[in-house]
Amino acid sequence: MPSDFTPIAEEDSNKLVGLDDDIVKLMNQLSGFLLHRQVIPIVGMGGIGKTTLAGRIYNDPFTIYHFYVRAWITIPQKNLTSQPYRVRGMFLGLLKCFANVTYDARQMTNEELGEKVYKALKGMRYLVVLDDMWQTRDWDILKRFLPDDKNGSRVMLTSRLGDIAAYVHPSGSAHHMHFLQAAESWKLLEKGFVLPVRGKCLEDVANDYLEDLVNRNLILVGKRRLNGRIKTCRIHDLLRDLCMIEAQNENFLHVIERYTQAFLMGAVAPRRISLLLADILHFKMRPMPLTRSFMLYDMHKNLPDMFLLEVMDRVDFKLLRVLDIELLQSNHFPIEIVELIHLRYLALAINCELPGSIFKLQNLQTLIIDHIWEGQYLPREIWMMPQLRHIRLKRGCYFPRPHSRGIKEKSQLVLQNLQTLSTLTGPVSCSQEVFACLPALKKLEIFATEGNSQAEQTSEYFSNLLVWINSKH
């Protein structure tokens, strides 16, 4: 009887990279000829892929066929819950995997719940996975209720602690996971972010890179989009610490946190800088002409209007490619930005219109603007920025007509590379004329109100959109 808990998505379970040898070895232990109940510990540091490996085996078709009963529980850490409550949760978690937990069961004592688990497993060839065990005491309690009927039952256990493995299986050796995958994946990151591949757009190549890191068990998928691509992802805290150390050692990325202002006065020439929870008003920034990326996170938005202009003037980012200062809100557009001709990515928050001189950023691929009011007007010169791939104005934008005055060459009337455009508003922005000049568009967001006075206008939006969609097929 399969468990209703699935530790790893079925769609991802067959795409794991670098675990083939581990899987074969552990599957042999599961299906071996030893009839006594066997405990199989999997040991390794946090984030290395213990749970992923156990989940792959747990969901394997042979495992489902071989064991009459499967159960999986993740054990809470000892500092989060008291032991009686934690033990109760473990028993209830096991019962949920192969039986309905009734109201009466929830009123039972821990000893009674354990007896119920024992009776449910008695005589069955079962596989129980105990994920993330931290205390030997938990095993001492659980093992009393895991019967050994000499029918080939198995208990698989994951832990960061080698002492746990030695305790639960003193007569054998644990399966230790190595960290080679992390080193290989770090080399993958060092190869230069996203390199062009013939026949693929940069977004597809970047997605392949990300999936590769997922398959190497270094990144966890949070959510996927409707088309199956990764929408959000997470990284284990220990692995994050390792990456930050390696990144700084190799001058790949410097993360500057609170009270580390002396860093910017040193002799190092950082290529990529991330300010995190830092008080930027007290930083004594020096010119950094070799910096390629500059990003601010968790900053205070209430800064003087001219502060951003002063920062841009002092720092002198001659070769900057990525500038993310969206959390620094300003009433003025820092005009120095248009001189950063190497920019590929720009995110900022301004309470004013974009200047026409934005077209000087001929290498810009991503433009993200946050602003107070709805419906910011984009300058007509936006049509003169052929490398744009993604435009996002969070509170809506009015997109100019492609034949606006001041645009002379017809070749400038088509944004051949634009794939994302959000959020459009207004009848001019959603016209067939605009859509016809965006041949590569894949994602489009339109803002329209629900009032009766807007019903006819909204209908026109979608009518134009349908015409454009039909013209692409």
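Of the listed requirements (1) modelled with pLDDT under 80; (2) surrounded by fewer than 17 Cβ atoms within 10 Å (Cβ to Cβ); (3) not hydroxyl-bearing (Ser, Thr, Tyr), residue 233 misses just one: (1). Each residue in region 94-144 was checked for being surrounded by fewer than 21 Cβ atoms within 10 Å (Cβ to Cβ), in a loop (DSSP other than H, G, I, E, B) and of a type outside the set (S, T, N, Q), and 10 of them qualify.
Of everything listed in (1) outside any helix (DSSP H, G or I); (2) at pLDDT 85 or above, the single unmet condition for residue 63 is (1).
Only a single criterion out of (1) modelled with pLDDT of 90 or more; (2) of a type outside the set (D, E, K, R); (3) over 16 Å from residue 152 (Cβ atoms) is not satisfied by residue 38, namely (3).
Among the residues of region 348-368, write down those that are surrounded by fewer than 19 Cβ atoms within 10 Å (Cβ to Cβ) and β-branched (Val, Ile, Thr). 366, 368 - these are the residues of region 348-368 that are surrounded by fewer than 19 Cβ atoms within 10 Å (Cβ to Cβ) and β-branched (Val, Ile, Thr).
Return a yes/no flag: does region 143-155 have any residue that is without any contact (Cβ under 8 Å) to a residue 40 or more places away in the chain and within 30 Å of residue 48 (Cβ to Cβ). Yes, region 143-155 has at least one match.
Here is a yes/no grid of residues against (1) farther than 22 Å from residue 325 by Cα; (2) at pLDDT 75 or above; (3) assigned to a strand (DSSP E or B); (4) among the polar types (S, T, N, Q):
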{"residue": "214", "(1), (2), (3), (4)": "yes, yes, no, no"}
{"residue": "228", "(1), (2), (3), (4)": "yes, yes, no, no"}
{"residue": "242", "(1), (2), (3), (4)": "yes, yes, no, no"}
{"residue": "248", "(1), (2), (3), (4)": "no, yes, no, yes"}
{"residue": "259", "(1), (2), (3), (4)": "no, no, no, no"}
{"residue": "275", "(1), (2), (3), (4)": "no, yes, yes, no"}
{"residue": "288", "(1), (2), (3), (4)": "no, no, no, no"}
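Being over 22 Å from residue 436 (Cα atoms), without any contact (Cβ under 8 Å) to a residue 60 or more places away in the chain and not hydrophobic (A, V, I, L, M, F, W, C) holds for only one residue in 380, 401, 395, and it is 395. If you go through region 21-71 and keep only what is more than 15 Å from residue 173 (Cβ to Cβ) and of a type in the set (S, T, N, Q), you end up with 31, 51, 52, 59, 63. Taking each residue of region 39-57 that is not assigned by TED's automatic domain parsing to the domain that holds residue 132 and assigned to a helix (DSSP H, G or I) and looking for partners that are modelled with pLDDT of 90 or more and surrounded by fewer than 23 Cβ atoms within 10 Å (Cβ to Cβ) with beta-carbon atoms closer than 8 Å, six or more apart or interchain, yields nothing. Counting the residues of region 346-373 that are assigned to a strand (DSSP E or B) and of a type in the set (A, V, I, L, M) gives 8.
Considering only residues in region 374-416 that are charged (D, E, K, R) and in a loop (DSSP other than H, G, I, E, B), the one that is modelled with the highest pLDDT turns out to be 389. Can you work out which of the residues in region 164-212 that are at pLDDT below 60 and surrounded by 15 or more Cβ atoms within 10 Å (Cβ to Cβ) is farthest from the chain's Cα centre (by Cα)? Filtering region 164-212 for residues that are at pLDDT below 60 and surrounded by 15 or more Cβ atoms within 10 Å (Cβ to Cβ), the one farthest from the chain's Cα centre (by Cα) comes out as 181.
The values are calculated or read from the model by the stated rules, or taken from the named source; none is laboratory data. Bear in mind that the values here come from a model prediction, so they are computed numbers and not experimental data. As a convention, Cβ positions derive from the backbone with ideal geometry for all residues, glycine included, and neighbour counts pool all protein chains shown.
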